[in-house]
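Following: one structure in structure tokens, then a few remarks.
The values are calculated or read from the model by the stated rules, or taken from the named source; none is laboratory data. Because the structure is a prediction, the values reported are computed rather than measured. All Cβ positions, glycine included, derive from the backbone under ideal geometry; neighbour counts span all protein chains shown. These accessible areas exclude ligands, DNA and RNA; they are computed on the full protein's heavy atoms, side chains included. Shrake-Rupley method; radii C 1.70, N 1.55, O 1.52, S 1.80 Å.
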Amino acid sequence: MEEQTGKLLKECSSGCKMAINSLNQVRDFVKDEKLHQLLDEYDKKHKALEEDISRLLENMETERSASCSSCISRLTTDVKLMIHDDSSQIAKLLMDGCNMGIQSIGKFLNEYEEASSESRSLAKKLLHMDEQLMKELKPFL
């Protein structure tokens, strides 16, 4: 159970960090004030959730590994926004990221069935947060 809990928490931490990085990546390209406010709101939510996850990981004394996928994501986002940097493109990129996060966390919830209820609850919170962000991004398409 403890091993699965650690793995699930690591994946959730990685997901939160990727979301935060993505939100920060596009922030400079945002011209619409409502979209900017939405990004700020979800940046704060993801940061708060990541803090909760990190606390649990620290209590477990689990080491976290860095991922280079965020570097690739950054490059891809920058190139796409250089070509077309309107609110619709930003919303689409963020929705694509949310969709990947939903799929990933859903997979890990199924894979780590023995993880603690607290870690599963945090994973579900992240999943629902990404689903809600996708809904709130739709008007910007």
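One line per residue, one yes/no per condition, for (1) more than 11 Å from the chain's Cα centre (by Cα); (2) loosely packed, with under 13 Cβ neighbours inside 10 Å; (3) assigned to a loop (DSSP other than H, G, I, E, B):
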| site | (1), (2), (3) |
| --- | --- |
| GLY97 | no, no, no |
| GLY101 | no, no, no |
| LYS107 | yes, yes, no |
| SER119 | yes, no, no |
| LEU126 | no, no, no |
| MET129 | no, no, no |
| LEU133 | no, no, no |
| GLU136 | yes, no, no |
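Number of residues in the stretch 26-43 that are open to solvent by 10 Å² or more (accessible area, probe 1.4 Å), farther than 12 Å from LEU137 by Cα and in a helix (DSSP H, G or I) equals 5. Taken over the stretch 1-13, the criterion of being in a helix (DSSP H, G or I) and surrounded by fewer than 21 Cβ atoms within 10 Å (Cβ to Cβ) is satisfied by GLU2, GLU3, GLN4, LYS7, LYS10.
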